[in-house]
Amino acid sequence: MSVQARFGGEVMNRLDLTKRLIALLTHDEAVVGGIGNSNFDLMGAGHRPQNFYMLGSMGMAVPIGLGVALAQPERRVFVLDGDGSLLMNLNCLPTVAQVAPRNLTIVVWDNSAYQITGVQQTPTAERTDLVAVAQGAGILNAEWAKAEEHFEQLVERSLTEDGPHFIGVRVDQAPGQARPERDPVILKDRFMRGLGVK
Ligand SMILES: Cc1ncc(C[n+]2csc(CCOP(=O)(O)OP(=O)(O)O)c2C)c(N)n1
């Protein structure tokens, strides 16, 4: 059975769901946006001091979010990343499962493509099920969001129940519109101040 058939849910929109996620946050939760569209739409949902827009370092959003979650265990941390980025750094999933931070949630925006570099197809288009991969890595709270309301339920669950959590979302290929400054020092300093460590 193809991944699409197994998945069986709606294809949603990354900006819409990013806005829905941000609207559910009430405790200055940290949100780490992965390279390109993930952080463009995080910015598009409205800047917050607790947002980190990762530039360039494809695949590093989960390790960064893991570090923040371990450093500040009382703060919940969300990582928003693309399927291509997660595929490039899949080894982070067993590490998250093993370290098991209760306050970490990974959201993967699966558009089945390396969209920003020319929409080259990724293996999730036909074969690879990233939720199954996360479960196989040992992240047991891993589920595909079937529709917008279901996504919100999964986010609410990750705000109230112990993680780590993994939420897979099939998204369309609408390009992210907003652009954070391309200055890593400014972005890092602002995030550190947002987390109260500078
Ligand atoms: C190590 C490394 N390899 C390749 C790139 C070039 N690159 C930047 S974004 C990207 C695709 C990202 O795909 P995905 O995470 O699925 O996000 P999407 O563009 O689909 O939103 C690639 C290949 C890079 N920045 N770093």
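Counting only residues that are over 20 Å from L66 (Cα atoms) and out of contact with any helix residue (DSSP H, G or I) (no Cβ under 8 Å at 6 or more places or on another chain), which one in segment 20-44 is least open to solvent (accessible area, probe 1.4 Å)?
In this case the residue turns out to be F40.
Given (1) out of contact with any helix residue (DSSP H, G or I) (no Cβ under 6 Å at 6 or more places or on another chain); (2) within 18 Å of A97 (Cβ to Cβ); (3) part of a helix (DSSP H, G or I), where does D162 come up short, assuming only one miss?
Among (1) out of contact with any helix residue (DSSP H, G or I) (no Cβ under 6 Å at 6 or more places or on another chain); (2) within 18 Å of A97 (Cβ to Cβ); (3) part of a helix (DSSP H, G or I), the lone unmet condition for D162 is (3).
Filter segment 176-191 for residues that are closer than 22 Å to Y114 by Cα and open to solvent by 80 Å² or more (accessible area, probe 1.4 Å) and give the result.
Q177, R179, R182
Considering F7, F52, which residue is farther than 14 Å from I116 by Cβ, in contact with a strand residue (DSSP E or B) (Cβ under 6 Å, 6 or more places away or on another chain), in contact (Cβ under 8 Å) with a residue 24 or more places away in the chain and crowded, with 24+ Cβ neighbours inside 10 Å?
Details: F7 fails: crowded, with 24+ Cβ neighbours inside 10 Å.
F52 is the lone residue from the list that is farther than 14 Å from I116 by Cβ, in contact with a strand residue (DSSP E or B) (Cβ under 6 Å, 6 or more places away or on another chain), in contact (Cβ under 8 Å) with a residue 24 or more places away in the chain and crowded, with 24+ Cβ neighbours inside 10 Å.
Could you list all residues from segment 60-73 that are within 15 Å of the ligand (Cβ to nearest atom) and open to solvent by 20 Å² or more (accessible area, probe 1.4 Å)?
Across segment 60-73, the qualifying residues are M60, P63, I64.
Output yes when any residue across segment 104-113 is surrounded by 17 or more Cβ atoms within 10 Å (Cβ to Cβ) and part of a loop (DSSP other than H, G, I, E, B), and no when none is.
yes
Only one residue in I167, I139 is buried (at least 19 other Cβ atoms within 10 Å of the Cβ) and part of a loop (DSSP other than H, G, I, E, B). Which one? Before you say what the answer is, go through the steps one by one.
Numbers: I167 fails: part of a loop (DSSP other than H, G, I, E, B).
Just a single option satisfies the conditions, and that option is I139.
Quick check, is A30 within 23 Å of Q177 (Cα to Cα), of a type in the set (G, A, S) and within 16 Å of the ligand (Cβ to nearest atom)?
No: the conditions fail for A30.
In segment 114-123, what count of residues is obtained for those that are surrounded by 16 or more Cβ atoms within 10 Å (Cβ to Cβ) and more than 8 Å from the ligand (Cβ to nearest atom)?
0
For segment 74-92, enumerate the residues that are away from the ligand (no atom under 12 Å from the Cβ), under 30 Å from G196 (Cβ atoms) and open to solvent by 20 Å² or more (accessible area, probe 1.4 Å).
Passing the criteria: E74, R75, R76.
Assess whether R102 counts as being closer than 24 Å to G196 by Cα and touching a residue at least 24 places away in the same chain (Cβ under 8 Å).
Yes: the conditions hold for R102.
The values are calculated or read from the model by the stated rules, or taken from the named source; none is laboratory data. Quantities reported herein were computed from a predicted structural model and do not represent experimental measurements. Virtual Cβ from ideal backbone geometry, glycine too; neighbours counted across all protein chains shown. Ligands, DNA and RNA are stripped out before the accessible areas are found, and what is left, the full protein with its side chains, is counted by its heavy atoms. Shrake-Rupley method; radii C 1.70, N 1.55, O 1.52, S 1.80 Å.
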